[in-house]
1. Residues in the stretch 163-175 that are farther than 24 Å from GLY115 by Cα and buried (at least 16 other Cβ atoms within 10 Å of the Cβ): how many?
2. Looking at GLU198, is it more than 18 Å from the chain's Cα centre (by Cα), open to solvent by 20 Å² or more (accessible area, probe 1.4 Å) and modelled with pLDDT of 95 or more?
3. Please identify the pairs in which a residue from the stretch 121-141 that is under 27 Å from SER155 (Cα atoms) and surrounded by 14 or more Cβ atoms within 10 Å (Cβ to Cβ) has its Cβ atom under 9 Å from the Cβ atom of a residue that is among the polar types (S, T, N, Q) and modelled with pLDDT under 90, counting only partners at least 6 apart or on another chain.
4. Being touching a Pro at 6+ places or on another chain (Cβ under 9 Å), among the hydroxyl-bearing types (Ser, Thr, Tyr) and modelled with pLDDT of 95 or more is the requirement here; does SER216 meet it?
5. Tell me which residues, restricted to the stretch 165-213, are of a type in the set (Phe, Trp, Tyr) and within 18 Å of LEU150 (Cα to Cα).
6. Among the residues of the stretch 149-162, are any open to solvent by 20 Å² or more (accessible area, probe 1.4 Å), at positive phi and out of contact with any strand residue (DSSP E or B) (no Cβ under 7 Å at 6 or more places or on another chain)?
7. Taking the stretch 176-192 on its own, how many of its residues are among the hydrophobic types (A, V, I, L, M, F, W, C) and open to solvent by 50 Å² or more (accessible area, probe 1.4 Å)?
8. For a quick check of your reading of the model, give me the residue pairs whose first member lies in the stretch 4-32 and is more than 27 Å from THR213 (Cα to Cα), whose second is hydrophobic (A, V, I, L, M, F, W, C) and not in a helix (DSSP H, G or I), with beta-carbon atoms closer than 9 Å and at least 6 apart or on different chains.
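The values are calculated or read from the model by the stated rules, or taken from the named source; none is laboratory data. Quantities reported herein were computed from a predicted structural model and do not represent experimental measurements. Note: ideal-geometry Cβ built from the backbone for every residue, glycine included; neighbour counts use all protein chains shown. The protein model used for the area step is the full one, side chains on, heavy atoms only, and it has no ligands, DNA or RNA in it. Shrake-Rupley method; radii C 1.70, N 1.55, O 1.52, S 1.80 Å.
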Amino acid sequence: ALTYSNEAFHISQVANNIWGQSYSRFLVGTVYWEYGQPGQAITVTADGVHLSEVAGFVAGQVVTRATLGVIYAGLGAAERGIELVDQALGIVSSAAQFHRVSILAALAQIHLLHGNLAEAEAALSRAKADPHRADLPIHFLPVILADGELALRQSDYARAVTTTDDLLAALDQYGMGKYRSDALYFHGRALLAQGQPEAARRRLLEAHAVAETIGSRRMLWRVLFALSQLEANPSEAEPLHQRAREIVAYIADHTPADLRDSFLGLPQVREVM
């Protein structure tokens, strides 16, 4: 994805095609975010927002802003993230209304990151009631993912398992890898909360395999830490925990200086470190 995006951007630069430059930067920031390189993710995504405004590419203005909002929130800057997502919701027009559900999912994800469960539930309710939710079904998948995480955070473990199962089935149907590691991770945590440690371990190992395959440091440290907590033997738990710490340190080293402390201050990050 990164290779093709960069090639498209180069061709569009040579042709002085601003729309093409904007389109090629539409979602590629998420690749750097998965890689655990937030600084590069912010630079590329912010550039995408600017180019989409110059080109008049409405979908780019909406989706890329929401992506940038999730990145900021994932680094501990929740207010900045919510502001960007609110801007995206304000821009959605008749030409891009089918993007609203994924933007609302981004808003819910930000609230979940920072423990605002009521606000997350409200955003998801809006997405589920949106008249355009079925216009492009893959845009509804992040709503299902956020709903599964919300169920987990609300201690409704049976619903968390069912919801993530539904998401995994949809990902199989569409042949998609995106969201798979997240869904397996939440599924595993829900099974663990239900008192099924071996089933949980199997799901977490699947999540680890998926994240490892695509190089997703964003998910790897979370999955490794969860696996370390399942190990009764300290000699087996510590290497997993140490690897999680190393990945968090890598992400912190690739985070802009003004966001490093807020990232390291996130509760789950503090717990790992």
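1. The number of residues fulfilling the criteria is 3.
2. Details: more than 18 Å from the chain's Cα centre (by Cα): yes; open to solvent by 20 Å² or more (accessible area, probe 1.4 Å): yes; modelled with pLDDT of 95 or more: yes.
Spelling it out, GLU198 is indeed more than 18 Å from the chain's Cα centre (by Cα), open to solvent by 20 Å² or more (accessible area, probe 1.4 Å) and modelled with pLDDT of 95 or more.
3. Going by the 9 Å Cβ cut-off, the qualifying pairs are ASP130/GLN97.
4. Working: touching a Pro at 6+ places or on another chain (Cβ under 9 Å): no; among the hydroxyl-bearing types (Ser, Thr, Tyr): yes; modelled with pLDDT of 95 or more: yes.
In short, no.
5. Looking only at the stretch 165-213, we keep the residues that are of a type in the set (Phe, Trp, Tyr), and these are 174, 179, 185-186.
Passing the criteria: TYR179, TYR185, PHE186.
6. Taking the stretch 149-162 first, the residues open to solvent by 20 Å² or more (accessible area, probe 1.4 Å) are 149, 153-159, 161-162.
From what is left, the residues that are at positive phi are 155.
Narrowing the set further to residues that are out of contact with any strand residue (DSSP E or B) (no Cβ under 7 Å at 6 or more places or on another chain) leaves 155.
Scanning the stretch 149-162, I find at least one residue that is open to solvent by 20 Å² or more (accessible area, probe 1.4 Å), at positive phi and out of contact with any strand residue (DSSP E or B) (no Cβ under 7 Å at 6 or more places or on another chain), so the answer is yes.
7. Narrowing the stretch 176-192 to residues among the hydrophobic types (A, V, I, L, M, F, W, C): 176, 183-184, 186, 190-192.
Filter again for open to solvent by 50 Å² or more (accessible area, probe 1.4 Å), leaving 192.
Count: 1.
8. Within 9 Å, the pairs are ILE18/PHE57; TRP19/PHE57; SER22/PHE57.
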